[in-house]
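Presented below is the structure to which this report refers.
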Amino acid sequence: MRLSEELEKFRSEVKEFARTEIAPGAKQADQTMAFPAENVRKLAEQGFLGIMIPKEYEGLGLDTMHHLIVLEELSGVCGSTALTYAAHNSLCLNPIFNFGNKSQIEKYVPPLAKGEILGAFGLTEPEAGSDAGGTRTTFSENGASFVLNGSKCFITNGSVGGILIVTAKKAEAGRSKEISSFIVESSWPGFSVGKKEDKMGLRASDTASIHFEELPVPKENLLGQQGEGFKQFLKILDSGRIGIGAMSIG
């Protein structure tokens, strides 16, 4: 597939940005497991942390091809920065924009798109892996809130993300695909960060476990309707796999 002249120009610009701004510190960050916060700041300055979000919500308003080019070029110099970027855009920001209501979009999309805060996605669990049907994190209802209890593991941006999409099933639902998704803020009481993983590769990418203990989530932070989480994150993971392909090429 031949890229258009506009996309080739964009690739050239991103390649130069990655070479001059991201590559120099990549080796040291990987060796020391230092989260690339400065790289995240630079990505935000370029608008890349909201690359596919419309300009009216502080994004660049570009398409998937532009996103994949950024991902490929970042991966060529620093896989950890690329993964941080991918998880933020593909697993948190875009799902809120695609599945959220107007109030949720207006509240959460602009700060995420501007890079004022990083996003993450909490699906994988210690006893279920990424098997959605085996989800053990639960939610119950208590007045104007849902209450979450459970744990997630191997979460990219888990300890640095300020906004997360979290999946849970209704308490006492057994093994069920009736999963719901919630927009969670890491500053809320009942949210805690556990072990940070010491990985063989992509070591500067933040990968951590997160825990919910009687975590109250306002009912307006339900993403979509109850029971829609399963089909939501299948779509999320499908789009994410395209990004993993771009990373592999990079």
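The values are calculated or read from the model by the stated rules, or taken from the named source; none is laboratory data. Note that the structure is predicted; figures quoted are calculated from it, not measured. Backbone-built Cβ (ideal geometry, glycine too); neighbour counts: all protein chains shown.
Within the stretch 4-19, count every residue that is of a type in the set (Ser, Thr, Tyr) and either surrounded by 11 or more Cβ atoms within 10 Å (Cβ to Cβ) or touching a Pro at 6+ places or on another chain (Cβ under 7 Å) (or both).
Within the stretch 4-19, the first condition is being of a type in the set (Ser, Thr, Tyr), and the residues that meet it are 4, 12.
Checking which are either surrounded by 11 or more Cβ atoms within 10 Å (Cβ to Cβ) or touching a Pro at 6+ places or on another chain (Cβ under 7 Å) (or both) leaves us with 12.
Counting residues in the stretch 4-19 that are of a type in the set (Ser, Thr, Tyr) and either surrounded by 11 or more Cβ atoms within 10 Å (Cβ to Cβ) or touching a Pro at 6+ places or on another chain (Cβ under 7 Å) (or both) gives 1.
In this structure, does Asn157 turn out to be farther than 20 Å from Ala86 by Cβ and at pLDDT 95 or above?
Working: farther than 20 Å from Ala86 by Cβ: no; at pLDDT 95 or above: yes.
Considered against the rule, which asks whether it is farther than 20 Å from Ala86 by Cβ and at pLDDT 95 or above, Asn157 comes out as no.
Output the strands (runs of 3 or more DSSP E) that fall wholly within the stretch 82-170 and possess 2 or more residues being in contact (Cβ under 8 Å) with a residue 40 or more places away in the chain and touching a helix residue (DSSP H, G or I) at 6+ places or on another chain (Cβ under 7 Å), or say none.
Those strands (runs of 3 or more DSSP E) span 119-122, 145-156, 163-170.
Please enumerate the residues belonging to the stretch 30-44 that are over 19 Å from the mean Cα position of the chain (by Cα) and either assigned by TED's automatic domain parsing to the domain that holds Glu197 or surrounded by 21 or more Cβ atoms within 10 Å (Cβ to Cβ) (or both).
The answer is none; no residue qualifies.
Looking only at the stretch 181-220, how many residues end up being closer than 16 Å to Gly119 by Cα and without any contact (Cβ under 8 Å) to a residue 12 or more places away in the chain?
0
Please count how many residues of the stretch 32-81 are aromatic (Phe, Trp, Tyr) and not in a loop (DSSP other than H, G, I, E, B).
Taking the stretch 32-81 and keeping what is aromatic (Phe, Trp, Tyr), we get 35, 48, 57.
Pick out the ones that are also not in a loop (DSSP other than H, G, I, E, B) and you get 48, 57.
Residues that pass the stated criteria total 2.
Could you tell me which numbered condition Asp198 fails, if it satisfies all but one of (1) out of contact with any Cys (no Cβ under 7 Å at 6 or more places or on another chain); (2) surrounded by 18 or more Cβ atoms within 10 Å (Cβ to Cβ); (3) farther than 17 Å from Thr138 by Cα?
Among (1) out of contact with any Cys (no Cβ under 7 Å at 6 or more places or on another chain); (2) surrounded by 18 or more Cβ atoms within 10 Å (Cβ to Cβ); (3) farther than 17 Å from Thr138 by Cα, the lone unmet condition for Asp198 is (2).
Would a scan of the stretch 181-188 turn up a residue that is modelled with pLDDT under 95 and surrounded by fewer than 19 Cβ atoms within 10 Å (Cβ to Cβ)? Working first, answer last.
Pass one, the stretch 181-188, residues modelled with pLDDT under 95: none.
No, the stretch 181-188 has no match at all.
Does Gln232 fit the bill of being farther than 20 Å from Gly162 by Cβ, crowded, with 17+ Cβ neighbours inside 10 Å and either among the polar types (S, T, N, Q) or touching a Cys at 6+ places or on another chain (Cβ under 7 Å) (or both)?
Numbers: farther than 20 Å from Gly162 by Cβ: yes; crowded, with 17+ Cβ neighbours inside 10 Å: yes; either among the polar types (S, T, N, Q) or touching a Cys at 6+ places or on another chain (Cβ under 7 Å) (or both): yes.
Criteria met by Gln232.
Only one of Gly134, Gly79 is closer than 19 Å to Glu197 by Cβ and either of a type in the set (Lys, Arg) or out of contact with any His (no Cβ under 7 Å at 6 or more places or on another chain) (or both); which? Spell out the reasoning first.
Numbers: Gly134 fails: closer than 19 Å to Glu197 by Cβ.
Residue meeting the stated conditions: Gly79.
Take Thr64 and decide whether it is touching a residue at least 24 places away in the same chain (Cβ under 8 Å) and within 14 Å of the chain's Cα centre (by Cα). First the steps, then the outcome.
On the way: touching a residue at least 24 places away in the same chain (Cβ under 8 Å): yes; within 14 Å of the chain's Cα centre (by Cα): no.
It is false that Thr64 is touching a residue at least 24 places away in the same chain (Cβ under 8 Å) and within 14 Å of the chain's Cα centre (by Cα).
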